[in-house]
1. Yes or no: Ala361 surrounded by fewer than 14 Cβ atoms within 10 Å (Cβ to Cβ) and within 32 Å of the chain's Cα centre (by Cα)?
2. Just for the stretch 236-250: of the residues that are of a type outside the set (D, E, K, R) and out of contact with any strand residue (DSSP E or B) (no Cβ under 7 Å at 6 or more places or on another chain), which one is surrounded by the fewest Cβ atoms within 10 Å (Cβ to Cβ)?
3. Test each condition in (1) among the acidic types (Asp, Glu); (2) in a strand (DSSP E or B); (3) within 27 Å of Asp606 (Cα to Cα) for Glu506 and report the one that comes out false.
4. Kindly indicate whether Ile505 is crowded, with 16+ Cβ neighbours inside 10 Å and modelled with pLDDT under 85.
5. Taking the stretch 199-220, which residues are more than 40 Å from the chain's Cα centre (by Cα) and under 22 Å from Phe179 (Cα atoms)?
6. I'd like to check something: does the stretch 192-214 contain any residue that is in the same structural domain as Val156 (by TED's automatic domain parsing), of a type outside the set (S, T, N, Q), surrounded by 12 or more Cβ atoms within 10 Å (Cβ to Cβ) and in a strand (DSSP E or B)?
7. If you go through the stretch 1-29, how many residues are buried (at least 16 other Cβ atoms within 10 Å of the Cβ) and at pLDDT 85 or above?
8. Tell me which residues, restricted to the stretch 48-66, are buried (at least 19 other Cβ atoms within 10 Å of the Cβ) and among the hydrophobic types (A, V, I, L, M, F, W, C).
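The values are calculated or read from the model by the stated rules, or taken from the named source; none is laboratory data. Computed from a prediction, not measured in an experiment: that's the story for all the values here. For neighbour counting, all protein chains shown are included, and Cβ atoms are generated from backbone atoms with ideal geometry for every residue, glycine included.
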Amino acid sequence: MTNEIENQHNMNLLMQVPSPIAVVQGPDHLFQMANFKFLELTGKQDIVGRKANEIFQGPDGIPFLELLGNVYATGNRSSANEMYFTFDCNQVDAVETVMNIVVQPCKVIKNVVDEVLIFAVDVTGQVLARKKLELAHQEITRLFNTVNEGFYSRDVLRNEYIHLSVGCQKIYGYSISDFFNNSRLWFEVIHPDDRWIVLKDDVLLNEGKQTISEYRIIRSDGSIRWIEIKVVPFIAEGVLTRVEGIVNDITERKHAQLAVEKEKELSKSIINSLPGIFYCLSDEGYFLYWNKNLELISGYTSEEISRIHFLDMVCENDRSSVLAKVEEIFEVGSGETETCLLTKSAAQIPYYFNGKAASFAGKACIFGMGLDITERKRAEEERSKMTSDLVQRNMELKQFSYIISHNLRSPIAKILGLTSLFEHEVNGNEFNQQLIKYICDEATNLDNVVRDLNTILSNGDQGIKAKKEEIIFSVELELIKQVLDKEIADSQAVITFDFTGNERIESVRSFIYSIMFNLLSNAIKYRSEKRQLTIHLSTCVSGSNLCLSVKDNGMGIDLEKYGDQVFGLYNRFHSQGIPGKGMGLNLVKTQAESLGGWVQIESQPDVGSTFAVYIPKN
């Protein structure tokens, strides 16, 4: 009875201990007692009577049971530090608890351990704090080893380093011991062309002023790097005693900066080499940027241009329209106009300006070009005057032609009538007969000339006024072949065609027929006796025009000799025994031009010719 009272008394004492304590019994490690601190540590209220393996779970659950078993087996006290347990394994948010454990026998019966006392200390907070500290230390070490910056402290009076970081070693390519062993190394690695920068900084440092400089260094491997170095001086009694600095490798940034500067210089050079004016105009009407040409042409200095409104460079009569155009460009995005650039000396120069709305330095603006159109304007004036002169001369020529063609017809007819009378009355006089015949022939020729002139004039007018209709080339060709049936048979000509390029056209039927007829007739007339005549007609589309091509293997024309005479009136290049008056090609050219087209020729003597007639599709 006394033992039971004593045991109960001991248990009560254990319950009052301010540290977590529990008692387990037997090989199953059944909990006999657990004080409030132990219950609080495990988060359990019903520990007594339960097995240890039910309570102590997690990463070190089995090692803990082995620790208990060792105490039962040996009877010796045993301990383990930082054992990890999870007391709520079934909970999703279960938290690991870290403990230092001490286990010792507390009840021995017949030299056999019956009960074991468990002392537990919660060291979770300490372990987590230590691990955070270790992680922080690792991160600091990692950052220190990877950072591009170098830190140093140098004793100026002793001319030696106090401290150098690993970053200096990475930047300079020399080991820290190299710097400690050679007090001049920091200066020797500076590029010879940049040492003046450091010497200038030394003066400022001796005055107690901080410095920030950029210069080149030569690394141990011979490569050149750019660094930025910030130096803080420490003055004692008016004497520079120590400097501390931060070094950054800015090579990539410097190369990018130099590349940008080079690109800017190139862009500026290109802009200044442009043949016209380049400008950037703010939404308030002032120049933000311009090339040298604006200064040279306007006569204003760069400073003056930066202050004046752009309208000061526009002639007074155009200012309202130009301002409206600028407002339109800001609204729709782009535009163009023509005006007179007003120079400082009040000279007015015709200019064409274009512009595109954009953004420059965060402001709405217009980028654009200006081109001097003085020559174009002068050419337009000359062309206008020339056109006016041509129209006037053409009218005069037409009037003259009509006078010649109409007023001469009546006298010629009378001459022909009189000569026919004389032919009947002077039969006895042979000389007179020949004279009358000569006069009759010349009058007939003159009549033919006047008739031809009438034909050309009427064709020109007809092309302007005639009604256009759909024309099928193959149909027109068949009609022409029927008319020239005898000539084709006599010449044994082989005529082929390919109108798949364009089978029809909307134009003047009589002109198209006449053009095809004359080209086909000419090809038959001027065939070569050395080979069988072949003629090929084809069509194709060339831009907004249709091209009708007629190719033959006839006698050909020497274009070097007669090129400028091919389409002249009454010009013939193979007249021996060949009938004709030399009007066909002139008529082809006149009719093509009346339709708004033109004619081209390719020809070689004794090879053949190709005539290409270009006619507007509409």
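1. Yes; evaluated as a whole, the condition is true for this residue.
2. Gly238
3. Glu506 satisfies all of (1) among the acidic types (Asp, Glu); (2) in a strand (DSSP E or B); (3) within 27 Å of Asp606 (Cα to Cα) except (3).
4. So Ile505 fails the test.
5. Those that are more than 40 Å from the chain's Cα centre (by Cα) and under 22 Å from Phe179 (Cα atoms): Leu199, Asp201, Asp202, Leu205, Thr211, Ser220.
6. yes
7. Matching residues across the stretch 1-29 total 7.
8. Selection gives Ala52, Ile55, Phe56, Phe64.
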